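Trainee: My questions will all concern the structure given below.
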Amino acid sequence: MITKVPRLAAGLAEELIRIVGADAVITDPARLMVYESDGLTAYRCPPRAAVLPRDGDETARVVRAIAQAGVPFVARGSGTGLSGGALAVDGAVVVCTARMNRILELDLHNRRARVQPGVVNAHLTAATRPHGLYYAPDPSSQSACTIGGNVAENSGGPHCLKYGVTSRYIRGLDVVLPDGSRVYLGDRGFDTGELDLAGLFVGSEGCFGIAVEVDVELLPLPQATHTLLGIFERLEDAGRAVTAIIAHGLLPAALEIIDQATIRAVEESIFAAGYPTDAAAALVVEFDGIEAGLEAEAAHAEAACLECGAREVRRATSAEARAALWKGRKKAFGAMGRIAPDLLVQDATVPRTQLPDVLAKIAGIGERYDLRVANVFHAGDGNLHPNILFDRRDETEMERVERASKEIMRICVEAGGTITGEHGVGLDKRDYMALIHSEDTLRAMESVRRVFDPRGVCNPGKVLPEWIRGADPAIAGAPGAGPADAGQAEVGTDGTRKAVPAGATA
Amino acid sequence: MSPEKLNGSTTVRDDEAGTERVDGEANPGVSAGMNGGTVVDRRQAAGGAPVVAPRTVEELSTLMTRASRDGRQVRCIGNATSLPPGYLDGPVDLVLSTRALDTVHAYDPADLTLTADAGVSLAQLERLTGDQGQWLPLDPPRRARRSLGGVLASGAYGPLQGKFGTPRDHVLGLTLVTGDGRVLELGGRVVKNVAGYDLVKVAVGSGGQLGIVTSATVRLHPLPVQDVTLLYQTPRLALAVVLARSLATAPVRIPALELLAGHGEEPTVAVRLLGSPEAVEESEHILNVRVGREASHRLKGEASSRWFAALERFEDNAAAVARVSHLPSRLGDLAEPGVECGTVAAHVSLGVVRVAAGTAGGDDRTAVSDRLARLRERVVKAGATFRVSRANIPRWPAPEPATAPGVLALTRGIVDSFDPAGVLSRPGS
C-alpha cells in the first residue's frame, strides 16, 4: 500500500537539518518505507519525515522545532513493537532513537547504568555481564528492541514472572516533553508524597514525551540456572502443572507453554528444536538463583509435571543444553512466519487459574472461524499469546481474523483479564479499551495525557479511543498540517486521515 | 473461596474501644453533606473537624462530590498510624477514615492475588494469607497496625524492598475516589497489564493528593521455607559501613540489608535471607566468605521474622524521623552525621538512611530541631536529599532539594485533573 502523506514544510526541513545534519533527516519516500510499520505489520503508514538525533540536546531542539511548526511526532526505537504504537499516523514526523545508542555510565558500585534510549536491550546485559550484573527485563525481541522502547511499552518478557517488568528497574528518566522542554523524573524515593512521575511515564506508549537518558537498576547474575521441558499429551495438563508448581510455593524464573500448532510450526522450520510433534503442549520451567537450592526446586517441578500427566520431562543445566530446551519457545514467532504470510498476535492476560478454560474457548473460536490459532504464552503470569495465522490478500479471511480477534479479547476480559499484558494498546487495541475501563477512567487518562501534551502532538491517535481523545488539536488545524498539506493526504474510508490495516486496502 | 467465608472466619477489626458511633449531626455544617448512618468518631477529632468513616464507596464518593462543590478541605487518615508531619494542620473541614471499609473481597491462593478494602489492616492480611502459605512481603514502619489503603497512599516500605520493591510493585489495581468524587477503577486484577496509562503508579505514594484509595488488588508471594537473619556487629561505625557495602555488592540478591547504629549500641549490619534451606545456607556461606568473618548472631525461623518485626517499631518513640538518601555507595557520608543526630537504620542497598532523633514527649524539642538542622546541613553538603517524615515536634527543617519547577508543573496539572477544587491538598501546597 502506498499512502500519500503531507510533505515536510521547507522551513521545518531546513531547521531540522541545521540541528542534526542532512544525513539525519530522511524525507525520501523510498527510504521512509522502513518506518511505515512496526512489528505488527497489519498496519502501515509512512511518516512525513524521519529525524535521527544523537543526544538529548538534539532531541529537545528537534522536538521544539517540530512542535513549533504544529506538526505531530512519534518516537521510535527499533520498531519491534506489536501494537502499531510507533506508527506515524496523521502525517507525523518520526523521531528515531537509533543513533542514541550509547551506554553513558556503568556504576558498578551502585548497580546502575545510565543509557541512551536507543541502546539495544541485549547490549546492555552484554556490557554488564562481565561485571557479574545484568538488566532483568528480557522481552523476546531483546536482541533488537531498545531500552527507550521498553520504557514506552513497560515491556515484560519470559522472566518477569519472578523479576517483574520494566517499571521495576527504572530509577529515573531524563525526558524531553512534547514542547521541547526537559525534565528529570524519578529517583526521589517512593514515599515522599511526590507523585511517581517516572512510574507514570513508563508504559505511556510515547504519548508523554521522549526519554533521552534512562537510569536503570541492574541485578547480580544468578549463580546458576536449571531448565526443564515437560512434554504433555493434553494442553490442560500443562496448565494444571503450572498451577501445581505455583501451589507448591515455588516461584520459577519462567513458566512458558507452547501448544501443538506451534510445536509443529517450529519442527517443520529450520529452527527444529526436537520437540515431539505429536505432543499437545510443551512446558518450559526455569529456576535461577543460588545453585544449592535449584536441584531441589527442579525436582519438585519435575514431580509436579509428572503428576499432572507429563509423558516426559527433560532437564538441563549447561548453557547449551538449556538453549536447546528453550529453542522451540524462542523461535516460535520466527517459525510461524514461515507457514503463513501474516500473523496477528494478541497478548491478553487472564488470572492464571482461568488459563485452561480460556484456552479451550480460544480453540473453539479458531474452529468456528476456520482459522489457524497457535499459542505460545507466559503461563506463569497468565499472559496469553494466541497467534492467528492468515493471508491478508484473502479479504474474507481478513474479516474472519478481525472478528475472531475481537471475540478472543472479549472472553479474556470476561475471565477477569485485561486486553494487553505487555505489547501495549497502540493503534491496534485502542477501540477495546472501553471493554475494561469506564468512561471516567478513560477520561482521567486523557486528562493526564493533556498535562504532558496539552496540544496533542506527541504520538497522536494512540492508546485511547477517538471518542475520548477528541480531535488532537495539532492535527485539526495547526499550521504544519494545514489545508495545503492536508490536501495531499490520503483520506481513509471514513473520511479521516488515518492508518488503515494494510489488508483492508491492499 | 467466597468473601462471606473469608470475613466470617478471619476478619478481625482493629480495636474500636473509644470509638463513638454517632448517627446524628456531630457538626451540622459538615454532616449535612453526609448520608445518615455514617460512623462519626469524635475521639480523633483534629482541630474540631469530625472524623467520618464511610461504609461504602458510594458514601465516600458523595462526600467528596459535595466537599468539592462546597469548597471544603478534606483529609484522609486511614488507620491514623503514620500521618506525614503537618498533614492535619491548617483549616480542615472533614477528616475521613477508611476503617469502615473493611471487607476482603476476593482471595484466590492459586492466583496469588487478593482484593481487599482500604481499611483492612496488614495484620489481617498476614493472618489470612499466612494460612495459605502466602504473604504480602511489605514491612513498612508500624506495619501491623497500618491499613492497606494507608500504606498505598503513603507508599511506605521497609527493609524487604531490597527484593520485593515498594507498594507500587505490589499493587495490580485499585479503586480511587477522586477529589471531586469520581470512582475510578485503575489497573486490574492480573499480574501483567499495560492497558492504558499507568495511573496506579501515580496514585500509589501520592500522599492522598489525588483521591482516596478505597480498595486494592495486590500480588502475593509464597512464604519462604527458610527465614534467617544474620547480625554482624562491629565496634566502629566506619567498619560497619564497609561491611554493609561489601555485603551489598556481593553476588547474591539480599532480600533485606540494614545498618543500625547509634545510642551507644554496637553498630550492627543485619541481613535477612529467605528461600529454600539449601539456598539460604549457601548464600550465608558466600556472604561470610566475602566479609571474611562469621555473623555475630544467627536467628532462624520465627526468631528471624521477629527481629525484623521489632525493627518495624524503630520510628515509634522518636520525637522526629528524618530520611536522607544518596547513592548506596555514599552510605558512609550519611551514617556518621546520622549517628550524631540520633539513632540510624539504613536501607543499605537503596541508599536511604532513617534517623530517629529524640524521644516523643521528651523535653528536648528545640535540641531535636537543632540536631536535625545540623544533619540537614551536613548531608546536603554531601549531595544527599533530606526530609523529615515523622515529627512530634512543633518545627522541623524543610526538605531539600525542593521539587524541580518542571516536575512541579506536571504535578500540579495532574493533581488538578484528579482534584480540581483542591479538596485534598491546600492550593499552592
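The values are calculated or read from the model by the stated rules, or taken from the named source; none is laboratory data. Keep in mind that this is a model prediction, so the values were computed, not measured. Here the Cβ positions follow ideal geometry from the backbone for every residue, glycine too, while neighbour counts run over all protein chains shown. Calculation scope for accessible area: heavy atoms of the full protein, side chains included, ligands and nucleic acids excluded. Shrake-Rupley method; radii C 1.70, N 1.55, O 1.52, S 1.80 Å.
Trainee: Given H placed 1.01 Å from N in the peptide plane, which residues other than close sequence neighbours of A:GLY21 have an amide H under 5 Å from its amide H?
Mentor: Here the answer is none, since no amide H 5 or more places off falls under 5 Å of that of A:GLY21.
Trainee: So, R0 is 25 Å and r is the distance between the beta-carbons of B:ARG127 and A:ALA296; what FRET efficiency does that work out to, to 0.05?
Mentor: In this case the efficiency is close to 0.30.
Trainee: What is the magnitude of the charge dipole of the stretch A:31-162 about its Cα centre, with +1 placed on the Cβ of each Lys and Arg, -1 on the Cβ of each Asp and Glu, and no other charges, expressed in debye to the nearest 20?
Mentor: Result for the stretch A:31-162 is approximately 180 debye, rounded to the nearest 20.
Trainee: Provide the per-residue ³J(HN,Hα) series for the stretch A:80-86, in order, calculated from phi with Karplus coefficients 6.51, -1.76, 1.60 and θ = phi - 60°, each as a whole number of Hz, with x at glycine and proline positions.
Mentor: 9, x, 10, 9, x, x, 9
Trainee: Search the structure for amide H atoms under 5 Å from the amide H of B:SER215, placed 1.01 Å from N in the peptide plane, and list their residues when 5 or more places away or on another chain.
Mentor: B:ALA118, B:THR175
Trainee: Across the stretch A:340-436, how large is the tail of the calculated P(r) beyond 20 Å, expressed as a percent of all Cα pairs?
Mentor: 31
Trainee: Could you tell me the relative contact order of the stretch A:222-338? Use alpha-carbon pairs under 8 Å, at least six residues apart, and round to a whole percent.
Mentor: 44
Trainee: Just the Kirkwood number for the stretch B:313-419, please: inverse of mean 1/r across all distinct Cα pairs, in Å, one decimal.
Mentor: Hydrodynamic radius (Kirkwood, Cα pairs) of the stretch B:313-419 is 14.5 Å.
Trainee: Give me, ordered by chain and number, the residues 5 or more places off A:GLY85 or on other chains with an amide H under 5 Å from its own placed amide H.
Mentor: A:LEU427
Trainee: If you don't mind, another one. At what distance in nm do the modelled label points of A:GLU217 and A:LEU435 sit from each other, each positioned 7 Å from its Cα along Cα→Cβ?
Mentor: Result for the modelled spin labels: 3.3 nm.
Trainee: Let me know the mean shielding of B:218-227 by other chains, meaning the per-residue number of their Cβ atoms within 10 Å of its Cβ.
Mentor: Per-residue shielding by partner chains comes out at 2.
Trainee: Now, a different point. To the nearest 10 degrees, how steeply does helix B:405-418 sit against the main Cα axis of chain B, on a 0 to 90 scale?
Mentor: Taking Cα atoms only, the helix is inclined about 40 degrees.
Trainee: Here's something else I'd like to know. Relative to the longest principal Cα axis of chain A, at what angle does helix A:10-20 sit, 0 to 90 degrees, rounded to 10?
Mentor: Taking the Cα atoms of chain A, the angle to A:10-20 is about 60 degrees.
Trainee: What accessible area per residue, rounded to a whole number of Å², is obtained for the protein assembly as shown using a probe radius of 1.4 Å?
Mentor: 36
Trainee: Just how large is the dipole of the protein assembly as shown about the Cα centre, in debye to the nearest 20, putting +1 at every Lys and Arg Cβ and -1 at every Asp and Glu Cβ?
Mentor: Charge dipole, the protein assembly as shown, about its Cα centre: 1600 debye, nearest 20.
Trainee: Which of the trypsin sites (Lys or Arg not before Pro) found in the stretch B:373-416 are loop residues per DSSP with 15 or fewer other Cβ atoms within 10 Å of their Cβ?
Mentor: B:ARG395
Trainee: What percentage of the solvent-accessible surface of chain B, computed with a 1.4 Å probe over protein heavy atoms, is contributed by carbon and sulfur atoms?
Mentor: 50
Trainee: Using the beta-carbon distance between B:LEU239 and B:ASP363 and R0 = 25 Å, what value does 1/(1 + (r/R0)^6) give for FRET efficiency, to the nearest 0.05?
Mentor: Between B:LEU239 and B:ASP363 the formula returns 0.10.
Trainee: To continue, here is another question. Rounded to the nearest 500 deg cm²/dmol, what is the calculated helix-only ellipticity per residue at 222 nm for chain A, with -39500 (n - 2.57) per DSSP H run of length n ≥ 4?
Mentor: After summing the helix terms and dividing by residue count, I get -10000 deg cm²/dmol.
Trainee: Could you tell me the total accessible area buried at the B-A interface, probe 1.4 Å, in square angstrom to the nearest hundred?
Mentor: 5900
Trainee: Determine by what factor the alpha-carbon radius of gyration of the protein assembly as shown differs from 2.2 N^0.38 Å, reporting the quotient.
Mentor: Ratio of Rg to 2.2 N^0.38 Å for the protein assembly as shown: 0.94.
Trainee: If you don't mind, another one. If you line up the Cα atoms of chain A on their principal axes, what length do they span on each, largest first, in Å?
Mentor: Principal extents (Cα only, largest first): 69, 59, 44 Å.
Trainee: Per the Kirkwood treatment, what hydrodynamic radius in Å, one decimal, follows for chain B from the mean inverse distance over all distinct Cα pairs?
Mentor: That comes to 22.8 Å for chain B.
Trainee: Apply 1/(1 + (r/R0)^6) to the Cβ-Cβ distance of B:LEU327 and A:ASP23, taking R0 = 22 Å, and write down the FRET efficiency to the nearest 0.05.
Mentor: My answer for the efficiency is 0.05.
Trainee: Shifting gears a bit: Cα centroid distance between the stretch B:235-250 and the stretch A:189-263, in Å?
Mentor: If you average the Cα positions of each part, the centres end up 32 Å apart.
Trainee: May I ask you to evaluate 6.51 cos²θ - 1.76 cosθ + 1.60, the Karplus curve with θ = phi - 60°, for each residue of the stretch A:380-392 and list the ³J(HN,Hα) values in order in whole Hz, giving x for glycine and proline?
Mentor: With coefficients 6.51, -1.76 and 1.60, one gets x, 10, x, 8, 7, 9, x, 9, 9, 9, 7, 10, 5 Hz.
Trainee: What is the distance in Å between the Cα centres of the stretch A:298-325 and the stretch A:344-390?
Mentor: The stretch A:298-325 and the stretch A:344-390 have Cα centres spaced 24 Å from each other.
Trainee: Please list, by residue number, every one of the GluC sites (Glu not before Pro) in the stretch A:328-415 that is coil in DSSP and has at most 15 other beta-carbon atoms within 10 Å.
Mentor: none
Trainee: Separation between the B:LEU223 and B:ASN317 pseudo-spin-labels, each 7 Å from Cα along Cα→Cβ, expressed in nm?
Mentor: 3.0
Trainee: While we're looking at this one, here's another question. Over the stretch A:222-338, what portion of Cα pair distances is larger than 17 Å, expressed as a whole percent?
Mentor: Value for the stretch A:222-338 (Cα pairs over 17 Å): 51 percent.
Trainee: Further question: In whole Hz, with x marking every Gly and Pro, tabulate ³J(HN,Hα) for the stretch B:370-383 from phi via Karplus 6.51 cos²θ - 1.76 cosθ + 1.60, θ = phi - 60°.
Mentor: For the stretch B:370-383, the Karplus-derived couplings read 5, 5, 5, 5, 5, 4, 4, 4, 5, 6, 5, 4, 7, x Hz, x marking Gly and Pro.
Trainee: How long are the semi-axes of the equivalent ellipsoid of the stretch A:103-220, taking √(5λ) for every eigenvalue λ of the Cα gyration tensor, in whole Å from largest down?
Mentor: Listed largest to smallest, the semi-axes of the stretch A:103-220 are 21, 16, 14 Å.
Trainee: Out of the total accessible area of the stretch A:103-220 (probe 1.4 Å, heavy atoms of protein only), what percent is carbon and sulfur?
Mentor: 51
Trainee: Still on this model: Treating the angle as unsigned and between 0 and 90°, give the value, to the nearest 10°, between the Cα long axis of helix A:355-368 and the longest Cα principal axis of chain A.
Mentor: 70
Trainee: For the stretch A:1-143, what is the Kirkwood hydrodynamic radius in Å, using each pair of distinct C-alpha atoms?
Mentor: 16.3
Trainee: Using a probe of 1.4 angstrom, how much of the accessible area of the stretch A:222-338 is carbon and sulfur, in percent?
Mentor: Solvent-exposed carbon and sulfur of the stretch A:222-338 make up 50 percent of the total.
Trainee: Sticking with this one: Count, for each residue of B:404-414, the Cβ atoms from other chains sitting within 10 Å of its Cβ, then give me the mean as a whole number.
Mentor: 5
Trainee: What percentages, rounded to whole numbers, describe P(r) for the stretch B:104-222 computed over all alpha carbon pairs with 5 Å bin width beginning at zero?
Mentor: Cα pair-distance distribution for the stretch B:104-222, in percent: 2, 12, 24, 27, 21, 10, 3, 1, 0.
Trainee: Filter A:LYS162/B:LYS192; A:LYS406/A:LYS462; A:LYS330/A:LYS406 down to the pairs with a C-alpha to C-alpha distance above 22 Å, please.
Mentor: A:LYS330/A:LYS406
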